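Taking it in order: structure first as structure tokens, then the write-up.
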Amino acid sequence: MAEESSGPEKTDHEAKAERVRSTRITRLAAWKRLGRLSGPRLTRGNVLAAGVTMLLGLALVAQVQSTQAGDLEELQQEDLIALLDDVSVRADALEDEVRRLEQDKARLADGMNDDAAAEAARNRLDTYQVLAGTVPVKGPGVEILVRDPEQELSTTTMIDMIQELRDGGAEAIQIGQVRVVASTWVDIRRDTFIVDGQTVDAPYRVLAIGESSTLAGALSIPGGFTDNVRRNGGSVDVQERDEITLDALHQPEPHQYAQPES
């Protein structure tokens, strides 16, 4: 009877031991799987995710740097809207110019009559005369009065003013009695403002023809010309005008080096 009872007891013991071993194996397998999941795996999905994350990080850094460089984080919503409007107006103007040039080219290529060719030539001449500052012009724009009682304005600041007006779409600019053209240079010598070799008396009166609201917005961008003048104790008064006249003319000088290619 003892031998018969020892068989079942041994079987129960072995079954219990088997369950313990199975539990341990299951736990070990689970820990190994967890380790594989938590550890790095070089799969196509991981590589793609890492690449996207890196690109997003670089884009974010570039955006932050650009924002800090341009002081855009200080702009209010209305300032950002005005800046976007300025860019849109400038882009539309450039697109219109491209379309007009393409139309002129197409008409010339199609062999249009002499009258149409003469009209196109006159239009081109008018454009070039305005750019060269050899004819008086009138149109909407802004009148700017710059006061510098502390005489702290620098040459760079005045160049910034011209550049901001050009960026705003100014088609013609006049400072004092000097017409601003492509070759115009400015300087400040012994607290005297000089444009193309001519002295401009203070306060400085500047006229610019273009979209008046766009030009005014270009001069009011934070960190730009107006802010620089005010930081140095001066003031800038910008008045939008429905029509102003630029009567100062530029006298072109013969080019010494640049000649048209025949």
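Hey, does segment 226-236 have a residue that's open to solvent by 80 Å² or more (accessible area, probe 1.4 Å) and in contact (Cβ under 8 Å) with a residue 12 or more places away in the chain?
Applying the first criterion (open to solvent by 80 Å² or more (accessible area, probe 1.4 Å)) to segment 226-236 yields 230-231.
Retained after the next criterion (residues that are in contact (Cβ under 8 Å) with a residue 12 or more places away in the chain): none.
No, every residue in segment 226-236 fails to be open to solvent by 80 Å² or more (accessible area, probe 1.4 Å) and in contact (Cβ under 8 Å) with a residue 12 or more places away in the chain.
Conditions (1) polar (S, T, N, Q); (2) open to solvent by 70 Å² or more (accessible area, probe 1.4 Å), marked per residue:
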{"site": "Ala208", "(1), (2)": "no, no"}
{"site": "Ser213", "(1), (2)": "yes, no"}
{"site": "Val238", "(1), (2)": "no, no"}
{"site": "Arg241", "(1), (2)": "no, yes"}
{"site": "Ile244", "(1), (2)": "no, no"}
{"site": "Pro254", "(1), (2)": "no, yes"}
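Could you count how many residues in segment 175-206 are open to solvent by 60 Å² or more (accessible area, probe 1.4 Å) and not acidic (Asp, Glu)? If you could, list the steps in order and put the result at the bottom.
Taking segment 175-206 as the starting set, the residues that turn out to be open to solvent by 60 Å² or more (accessible area, probe 1.4 Å) are 177, 182-183, 185, 189-191, 198-199, 201-203, 205.
Add one more test, that the residue is not acidic (Asp, Glu), and what stays is 177, 182-183, 185, 189-190, 198-199, 202-203, 205.
Selection size over segment 175-206: 11.
State all residues of segment 138-173 that are open to solvent by less than 30 Å² (accessible area, probe 1.4 Å) and either more than 17 Å from Ala218 (Cα to Cα) or of a type in the set (Ser, Thr, Tyr) (or both); if no residue qualifies, say none.
Keep residues of segment 138-173 that are open to solvent by less than 30 Å² (accessible area, probe 1.4 Å), which gives 139, 141-142, 144, 146, 148, 153, 157-158, 161-162, 165, 168-170, 172-173.
Selection gives Gly139, Asp148, Leu153, Thr157.
The values are calculated or read from the model by the stated rules, or taken from the named source; none is laboratory data. What you are looking at is a predicted structure, and each value in this text was computed from that prediction instead of being measured. All Cβ positions, even for glycine, are placed from backbone atoms using ideal geometry, and neighbour counts span all protein chains on display. Side chains included, ligands, DNA and RNA excluded: accessible areas come from the protein's heavy atoms. Shrake-Rupley method; radii C 1.70, N 1.55, O 1.52, S 1.80 Å.
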